[in-house]
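Beneath this line is the structure, given in structure tokens, with notes to follow.
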Amino acid sequence: MSGTYLGMPAFPEAAREAVGDPTLRGNLRHATHTIRDKRARAVAELDDWAELREAGKRVKDHTLRHLDRYLVQVEEAVTAAGGTVHWAADADEANEIVARLVEETGEREVVKVKSMATQEIGLNEALEARGIHAYETDLAELIVQLGKDRPSHILVPAIHRNRGEIRDIFRSEMSEWGRPAPEGLTDTPAELAEAARLHLREKFLRAKVGISGANFMVAETGTLVVVESEGNGRMCLTLPETLISVVGIEKIVPTWRDLEVFLQTLPRSSTAERMNPYTSMWTGAGDGRAGEGDGPRTFHLVLLDNGRTDTLADEVGRQALRCIRCSACLNVCPVYERAGGHAYGSVYPGPIGAILSPQLRGTGSEIDASLPYASSLCGACYEVCPVAIDIPEVLVHLRERVVQGGPAVREGNRVVLRPAKGHAAERAAMRAARWAFTRPGALRTGQRLASRSRRLHPRTLPGPGRGWSGSRDLPPVPPEPFRDWWQRTHGGRDEAK
């Protein structure tokens, strides 16, 4: 993944700073509660939601098991429809491909939409380094770009901003990027949306190159699908002469019939709508002749790996690749609600980011090693996931990898990871616990000693244990162990069962 977030501290430190910002916490609390309440009502309308969820899970699992076959099928279908397919193993390769394609058109500006994959690889920065200006056209992405900010949410990248902050950003920054904000701009939603529309319209009408991502790719026809709520995506996908789509290899569904499942679950889980206002689909390239074709004359599809094949090799962690980027897990997560998306140090924040980023990037950095711990393991994320990703299971799996190291696949090679730094005490504690739990006599003796010395116990743990007890109360030790209480009250009558 991109080095956009290099230098960020580990999650605990970043989260501690974010929690101390009352404006940020207020913005997040209001937005996440509103979105999740609307989603709950939208999902409750469907009697077969559980069946749709299971169907989505099975379609994704089947596709991932046969991904090699479906990728070839996509390439053949896109090529047959007049498009060109490029394969990118990593971020550098993808950025080089896109930059070269833009340069071949002779253009120095591009408009972008639905581009989380391009944020993942740092495409905007790569294009800027070659003198190409990329303009985000999604309203929230525009706010982030104008504010020289970073996305903090999968669905609503500017969720950490309130209307007053957005107004100030438009007033001070729009003129540097193009059409300035109207005089006397207020913070009413209608005026902010109109200011963005006027600012973007001139870019849509001028741009000859568009860059997009995609929500889905249909293998049997080579069709790409983008769902959105504003219409800016439709403009990006139809007006430019050249369209370049950068799409993760996991976004494939085998057939149109499979797509039906996700066009029901994605809108309800993301924007709480029965159907997205704009669902755009295109296959290959139009021929550019009036009356005989529409859309871009040239279409390029860049299929992005960038750690996905490595993730696929992990039998537990691969379920993260089912993700359809609905963001429902973020809106119910108590950790995300308080810390916000920037603390995760990745374009993928929240619970899904805590399991996806360490797999795509590895756990070698301090922040990636900390992400599997950015959770209370409450399970709310699993309950709302429309493709049933067991995020708590993967979090525990990744915590084991961080602490113990062990076999993994990195850049296509099987390697043995070393344990991350700073977890020696945790490893020692787990070994001690394993020793005690496999020796009933020692466990019973330890429990009795703990009960008899309970008045001497500290309220917080010393040394490395402070990381745990710094935000939690130590549970009080009971006056006697359960085994002794059971023996005393039941006389051992049922102990043999």
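Figures for the structure shown
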quantity: Separation in nanometres of the label points that stand 7 Å from Cα toward Cβ, at Thr105 and Ser471; calculated: 4.4
quantity: 10 Å-binned pair-distance histogram of segment 153-221 (Cα, whole percent); calculated: 16, 38, 30, 11, 4, 0
quantity: Contact order normalised by residue count of the chain, Cα under 8 Å, 6+ apart, percent; calculated: 19
quantity: Solvent-accessible area per residue, Å², over segment 32-190 with all protein chains present [probe radius 1.4 Å]; calculated: 47
quantity: Segment 1-130 - percent of accessible surface contributed by carbon and sulfur, probe 1.4 Å; calculated: 50
quantity: Rounded accessible area per residue of segment 294-370, 1.4 Å, Å²; calculated: 24
quantity: Cleavage-rule hits (trypsin sites (Lys or Arg not before Pro)) in segment 146-182: DSSP loop, at most 11 neighbouring Cβ within 10 angstrom; calculated: Lys148
quantity: Mean separation of Cα contacts under 8 Å (6+ apart) over length of segment 137-230, as relative contact order %; calculated: 20
quantity: Hydrodynamic radius by Kirkwood, which averages 1/r over all alpha carbon pairs of segment 65-188, in angstrom; calculated: 16.8
quantity: Relative packing of 267-279, 459-471, which averages over residues the other C-beta atoms within 10 Å, highest first; calculated: 267-279, 459-471
quantity: Which of Met116, Ala432, Ala31, positive extreme of dipole for the chain (C-beta unit charges); calculated: Ala432
quantity: Relative pair counts by distance (%), Cα atoms of segment 403-497, 10 Å bins; calculated: 13, 27, 30, 18, 10, 3, 0
quantity: Met281 - accessible surface, heavy atoms, 1.4 Å probe, Å² rounded to 10; calculated: 80
quantity: Linear extension gain, Ser175 paired with Asp61, 0.36 nm per residue minus alpha-carbon span; calculated: 36.3 nm
quantity: Cα centroid separation - segment 33-106 against segment 207-257, whole Å; calculated: 9
quantity: Extension gain, Asp68 back to Ala433 (0.36 nm per residue minus Cα-Cα distance, nm); calculated: 127.1 nm
quantity: When segment 1-96 is reduced to its Cα atoms, the Kirkwood hydrodynamic radius in Å; calculated: 18.9
quantity: Percent carbon-and-sulfur accessible area, segment 164-306, ignoring ligands, DNA and RNA, probe 1.4 Å; calculated: 48
quantity: Given charges at beta-carbon only (K, R positive; D, E negative), |dipole| of the chain in Debye; calculated: 2760
quantity: R0 of 45 Å, Cβ-Cβ distance Ala129-Glu194: FRET efficiency to nearest 0.05; calculated: 0.85
quantity: Potential extension, Glu400-Ala44 segment - 0.36 nm per residue separation minus Cα distance; calculated: 124.5 nm
quantity: P(r) of segment 291-364 over all Cα-Cα pairs, binned every 10 Å from zero, in whole percent; calculated: 17, 38, 24, 13, 7, 1
quantity: Segment 343-486 - percent of accessible surface contributed by carbon and sulfur, probe 1.4 Å; calculated: 56
quantity: Normalised contact order of segment 306-423, rounded percent, pairs of Cα under 8 Å and 6 or more residues apart; calculated: 28
quantity: Helical contribution to [θ] at 222 nm, DSSP H n ≥ 4, -39,500 (n - 2.57), averaged over the chain, rounded to 500; calculated: -15000 deg cm²/dmol
quantity: DSSP bridge orientation in the chain - percent antiparallel, rounded to nearest 5; calculated: 35
quantity: Partners for Lys114 among lysines (Cα-Cα distance below 26 Å; same-chain residues under 8 apart left out); calculated: Lys38, Lys57, Lys60, Lys148, Lys203, Lys208, Lys251
quantity: Given (i) 64, 55, 45; (ii) 93, 50, 38; (iii) 91, 55, 46, the label whose value is Cα extents along the principal axes in Å derived from this model; calculated: (iii)
quantity: Free-standing Cys, the chain [no other Cys Cβ under 4.7 Å]; calculated: Cys236, Cys323, Cys326, Cys333, Cys378, Cys385
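The values are calculated or read from the model by the stated rules, or taken from the named source; none is laboratory data. All values reported here derive from a predicted model rather than from experimental measurement. Methodologically, a virtual Cβ is constructed for each residue, glycine included, from the backbone with ideal geometry; neighbour enumeration extends over all protein chains shown. When the accessible area is computed, the model is the full protein with side chains, heavy atoms only, and any ligands, DNA or RNA have been set aside. Shrake-Rupley method; radii C 1.70, N 1.55, O 1.52, S 1.80 Å.
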